[in-house]
Amino acid sequence: MKNPTPAPQTDPHTKRASRDSIRTAPGVAIRSVRWAPCPICRAAAGAPCRRGPLPGDHLDRWLDAYAAGRVSLGQLAAEIGRLDVITRATIVPERTP
């Protein structure tokens, strides 16, 4: 049985995800974003909002993860910087390896 990936480390001062723990742990940010169901499309926890060749999640899901301290401001800003249109319903595509 595979060991589950640990949650990102939190900064003791801000109680938010440490930027370094997210940067050095591939896939942790996506799992942190998908920790809860999507408030827009109701995608289940753990599932992407959009499936297919270019999966992704609504920006609102990323904002909720930031507000809950599961992703850092740096990670959120990096994802927003990739978008052409910014609304809560905009899909943030997964990064390709």
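The values are calculated or read from the model by the stated rules, or taken from the named source; none is laboratory data. The structure displayed is predicted, hence computed values, not measured ones. Here the Cβ is made from the backbone with ideal geometry for all residues, glycine too, and neighbour counts use every protein chain on show.
On the basis of being at pLDDT below 95 and assigned to a helix (DSSP H, G or I), does Arg82 make the cut? No, not satisfied. On the stretch given as the range 52-67, residues that are loosely packed, with under 14 Cβ neighbours inside 10 Å and at pLDDT below 95 total 3. Screening Ala47 with (1) assigned to a loop (DSSP other than H, G, I, E, B); (2) out of contact with any helix residue (DSSP H, G or I) (no Cβ under 7 Å at 6 or more places or on another chain); (3) modelled with pLDDT under 95 gives one miss only, at (3). If the condition is being within 18 Å of Ile86 (Cβ to Cβ), over 9 Å from the mean Cα position of the chain (by Cα) and either surrounded by fewer than 16 Cβ atoms within 10 Å (Cβ to Cβ) or among the β-branched types (Val, Ile, Thr) (or both), then the range 26-40 contributes Pro39, Ile40. Of all residues in the range 34-48, those satisfying the criterion of being without any contact (Cβ under 8 Å) to a residue 40 or more places away in the chain and within 12 Å of Trp62 (Cα to Cα) are Arg34, Trp35, Ala36, Pro37, Cys38, Pro39.
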